[in-house]
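A short write-up of the structure that comes next.
The values are calculated or read from the model by the stated rules, or taken from the named source; none is laboratory data. Bear in mind the structure is a predicted one, so any value in this text is a computation, not a measurement. Cβ sites come from the backbone with ideal geometry, for glycine too, and all protein chains shown count toward neighbours. For accessibility, only protein heavy atoms count, side chains too; no ligands or nucleic acids. Shrake-Rupley method; radii C 1.70, N 1.55, O 1.52, S 1.80 Å.
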Amino acid sequence: QNMLEELLIHKPDDPIQYMINHLKQNNDDAPRICVLGPPASGKTTVAMWLCKHLDAIRISRETLLFKEILALTKEAKAYKERKQKIPNALWANLIQERLSNVDCIKQGWILEGFPENQEQAWMLQSSGIIPRHVVVLYAPDTVLIERNSGKRLDPSTEEVYHTTFDWPSDPLVQQRLVKPEDLSEQEMSRKLLKYHRNFPGVFQIYQKVLKSVNADQPSVDVLSQVLTYVQTRHRSAAPFTPRILFCGPPGSGKSLQAALIAQKYGVVNICCGQLLKETVADKTKLGELVKPYIDNGYPVPDNLVMKILAERLNALDCTTNGWVLRGFPRDIEQGEQLQKSQFIPNR
């Protein structure tokens with residue numbers, strides 16, 4: 001899917017060679033995550049924690065300007081020194097240049113605090129930078145203003161601490177902590193107003209891959225929810241043939257639910273027990289082998305059951321419309337046999 005996205009974006013002259021190079025270089029399972037949110041919501045803390053946990057590369061405005069040696073860094077710093085706003089196009093080009101490095105391709109990346117508005121999001125997309133997961137932290141403005149007043153930064157590690165909620169135990173770290181700039185309540189209120197004005201445009205672009213996480217709760221809970229989300233895979237919009245497996249104890253309603261799904265979606269409803277009886281009634285060769293076991297009340301050997309199931313699941317109606325199966329597998333061994341036979345459920 002990622003390779004197809006890249007082909008559509010870059011439209012190379014030699015698509016075959018481009019795909020070969022993509023497969024050699026890219027790791028499609030590498031994280032591509034944006035961590036967004038208002039000031040003091042904990043973006044840096046979350047991004048740094050994700051980088052440690054996923055072994056990914058953290059990228060922020062600060063790292064691009066002061067930690068990286070890129071072709072466009074000098075130009076961006078010149079704007080900063082003149083106290084001028086760095087153009088959105090320049091930010092997008094800086095990010096694109098950094099993400100094209102081998103470490104980002106192989107390990108993945110966590111982009112912190114960018115994009116801030118719809119224009120920046122469009123520029124990232126037009127540059128081929130499409131995150132798989134977008135995490136948006138949120139909290140009441142009153143909480144963010146209070147949290148901002150106690151914010152402290154460790155210049156050595158760039159980790160963020162708080163005088164009330166997250167004070168370091170190490171005395172050496174305590175001595176290094178500095179107070180960030182622009183901590184006045186008026187400045188914070190101005191930034192929050194700007195964020196609330198711009199965020200709906202960002203949400204509109206990323207809504208299909210975006211999850212909002214409440215930052216006004218213990219950091220352990222915030223990090224747990226974020227990690228759970230970024231480790232999920234989004235469902236593909238591509239059409240597929242349903243292969244549904246129903247499991248559950250006797251009396252749990254498998255038969256009814258399977259019948260309802262088969263009726264609603266037009267898939268083939270297969271009950272393993274009923275299938276065995278039908279095979280015996282049809283007097284096929286497999287049916288003759290199964291008949292003594294059913295007549296005497298003994299369980300039918302798994303290899304016979306799998307042959308009958310394979311024959312049914314390979315039938316044209318099942319391969320075309322899909323199927324819903326119940327009554328098999330009943331244990332791990334049967335599940336492994338189903339897996340080996342390449343009848344792998346997708347639901």
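Protein-only accessible surface at a 1.4 angstrom probe places the residues Trp91, Trp49, Trp122 in the order Trp122, Trp49, Trp91, largest first. Accessible area per residue was computed with a 1.4 Å probe on protein heavy atoms; His196 scores about 90 Å².
Across the stretch 243-340, C-alpha contacts under 8 Å between residues 6 or more apart give a mean separation that, scaled by the residue count, equals a relative contact order of 43 percent. Length gained on full extension, Gln207 to Lys191, computed as 0.36 nm times the residue gap minus the Cα-Cα distance: 3.5 nm. Taking all protein chains as they are arranged and a probe of 1.4 Å, the heavy atoms of His234 leave approximately 80 Å² accessible to solvent. In this rough spin-label picture, where each label sits 7 Å from Cα along the Cβ direction, the Ser169-Leu304 distance is 6.4 nm. In terms of its C-alpha gyration tensor, the stretch 31-231 comes out rounded, because the ratio a/c of the largest to the smallest axis stays below 1.5. If the chain linking Ser255 and Asp13 were pulled fully straight, counting 0.36 nm for each residue of separation and taking away their Cα-Cα distance, it would gain 81.7 nm.
Accessible-area rank, largest first, for Asp154, Asp103: Asp103, Asp154, with all protein chains present and a 1.4 angstrom probe. Taking all protein chains together and a 1.4 Å probe, the residues Lys307, Lys151 rank Lys307, Lys151 from largest to smallest accessible area. One chain, two ends: Gln231 and Glu75. Fully extended at 0.36 nm per residue, the span grows by 52.5 nm beyond their Cα-Cα distance. Does the chain classify as rounded, prolate or oblate by the C-alpha gyration tensor (a ≥ b ≥ c root eigenvalues; a/c under 1.5 gives rounded; else a/b over b/c gives prolate, otherwise oblate)? Verdict is prolate for the chain.
What FRET efficiency, computed as 1/(1 + (r/R0)^6) with R0 = 51 Å and r the Cβ-Cβ distance, is obtained for Val102 and Gln274, rounded to the nearest 0.05? Efficiency at R0 = 51 Å is approximately 0.35. Counting protein heavy atoms only, the chain has 53 percent of its accessible area on carbon and sulfur, 1.4 angstrom probe.
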